[in-house]
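Heads up: the structure comes next, in structure tokens.
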Ligand SMILES: [Zn+2]
């Protein structure tokens, strides 16, 4: 198969150059690879020609944190539907979390996930292995065996690691096998079995609150242990000002610490949680870590703009409408995010002039891939043809019908955004085309 993509707009920087200048390019994809790039017209015989006139060509995006629910909870999402949501949002690569049923704590679970992804996924799916057996926080898994089976990192995401010595051992073992520890930072003694942030809204609605310190205490611990052991420590979905301060300090000290933030923690705070007609809080605004105070949200924005943040992650966490219609104190944590992440980042940070487009795309591709030693995020001859065409000019409205995910649990329904995906190509195959 030989495909021509013609008349696309991209940035010098995304082609491996230095500048943020825009340029018009034509490129040829043969098999799974990009084989030719030119600023002039390319004349040849092609099986298909895509006229990208007026569209922006981006390298395929990379999401460091998704929950595809397979095996075990396929009624919420499965690898096929999750990957459909990914490519609709411009993601060609996702890192999936191990809190499935069974938990990905054994090589055969990882192998089955990879086999299933090979069969049905529209994007590259890299599973992680759990840090502890059955996410119980008691006994470490066999990192070496998990890596050999294909696990790309180690994490107990969904649960904080409560035992200090266990996380220290994990960092040391992960270093030996050359993997990063991804930390869902949550000290359960401080999270009070809460449903939302421990702030004014929690008080006003008499809902148990999750203290900010529940995150920052674990981030401080992880940073200190990373410095001590040299183990690679990645903070998942950061949400508080204090956590960011600890990460800045650790980075300045030379610790191998990295951090991601999610669009919802950049754009929403606890005051934005929707109040339903019965005067209770809507669980579609419930996730873990929770939407924090406005001050925390602004600190996340500052960290994004000053370069402290390494990557954007959606923490795509599908749940059914019935589960999310429950009282906020008992509804499950999590929102979906794959289809809205780029449009939100583009509309609120790039279009508004706060962040350069190239920087935004780097945070969502090159830098996100680098966390896992994946070489992504550049459009170059010889690279795997993971490519996206975005429409940056026309506004669209997010509604329930917009989502390719099996679930619809998003607080961004009703938003008017820019940055709709018009085409996604994974390894040379067109896996999504709008309309
Ligand atoms: Zn988490």
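The values are calculated or read from the model by the stated rules, or taken from the named source; none is laboratory data. Computed from a prediction, not measured in an experiment: that's the story for all the values here. Cβ atoms come from the backbone with ideal geometry, glycine included; neighbour counts cover every protein chain shown.
Within the range 301-396, which helices (runs of 4 or more DSSP H) (wholly inside it) include 1 or more residues that are more than 21 Å from residue 37 (Cβ to Cβ) and over 17 Å from the mean Cα position of the chain (by Cα)?
Where helices (runs of 4 or more DSSP H) fall fully within the range 301-396 and carry at least 1 residues being more than 21 Å from residue 37 (Cβ to Cβ) and over 17 Å from the mean Cα position of the chain (by Cα), they are 321-324.
If residue 96 satisfies all but one of (1) away from the ligand (no atom under 16 Å from the Cβ); (2) within 28 Å of residue 424 (Cα to Cα); (3) in contact with a helix residue (DSSP H, G or I) (Cβ under 9 Å, 6 or more places away or on another chain), what's the number of the condition it fails?
Going through the list (1) away from the ligand (no atom under 16 Å from the Cβ); (2) within 28 Å of residue 424 (Cα to Cα); (3) in contact with a helix residue (DSSP H, G or I) (Cβ under 9 Å, 6 or more places away or on another chain), residue 96 breaks only (1).
Conditions first: (1) out of contact with any strand residue (DSSP E or B) (no Cβ under 9 Å at 6 or more places or on another chain); (2) touching a residue at least 12 places away in the same chain (Cβ under 8 Å); (3) in a loop (DSSP other than H, G, I, E, B); (4) surrounded by fewer than 19 Cβ atoms within 10 Å (Cβ to Cβ). Residue 158 passes all but one, so which condition is the exception?
Failed condition: (4).
For the range 174-181, does any single residue satisfy the condition of being assigned to a loop (DSSP other than H, G, I, E, B) and within 14 Å of the ligand (Cβ to nearest atom)?
Scanning the range 174-181 turns up no residue that is assigned to a loop (DSSP other than H, G, I, E, B) and within 14 Å of the ligand (Cβ to nearest atom).
Within the group 194, 231, 222, 199, which residue is in contact with a strand residue (DSSP E or B) (Cβ under 7 Å, 6 or more places away or on another chain), surrounded by fewer than 20 Cβ atoms within 10 Å (Cβ to Cβ) and at pLDDT 95 or above?
Among 194, 231, 222, 199, only 194 is in contact with a strand residue (DSSP E or B) (Cβ under 7 Å, 6 or more places away or on another chain), surrounded by fewer than 20 Cβ atoms within 10 Å (Cβ to Cβ) and at pLDDT 95 or above.
Can you find a residue that is surrounded by fewer than 18 Cβ atoms within 10 Å (Cβ to Cβ), outside the structural domain of residue 303 (by TED's automatic domain parsing), in contact (Cβ under 8 Å) with a residue 60 or more places away in the chain and not in a strand (DSSP E or B) anywhere in the range 417-426?
no
Could you list, in sequence order, the residues of the range 285-300 that are away from the ligand (no atom under 16 Å from the Cβ) and part of a loop (DSSP other than H, G, I, E, B)?
Answer for the range 285-300, where residues must be away from the ligand (no atom under 16 Å from the Cβ) and part of a loop (DSSP other than H, G, I, E, B): just 293.
Quick one: which residue in 222, 231 is in contact (Cβ under 8 Å) with a residue 24 or more places away in the chain and assigned to a loop (DSSP other than H, G, I, E, B)?
Residue meeting the stated conditions: 231.
Mind listing just one residue for me: the one in the range 234-267 that is farther than 27 Å from residue 412 by Cα and part of a loop (DSSP other than H, G, I, E, B) and, of those, nearest to the chain's Cα centre (by Cα)?
Residue satisfying both the conditions and the ranking: 256.
Quick test for you: out of 187, 211, 272, 282, pick the one residue that is surrounded by fewer than 24 Cβ atoms within 10 Å (Cβ to Cβ) and within 16 Å of the ligand (Cβ to nearest atom).
That would be 187, the only listed residue that is surrounded by fewer than 24 Cβ atoms within 10 Å (Cβ to Cβ) and within 16 Å of the ligand (Cβ to nearest atom).
Can you tell me which residue in the range 252-264 is farthest from residue 362 (Cα to Cα), limited to those that are out of contact with any strand residue (DSSP E or B) (no Cβ under 6 Å at 6 or more places or on another chain) and more than 13 Å from the ligand (Cβ to nearest atom)?
253
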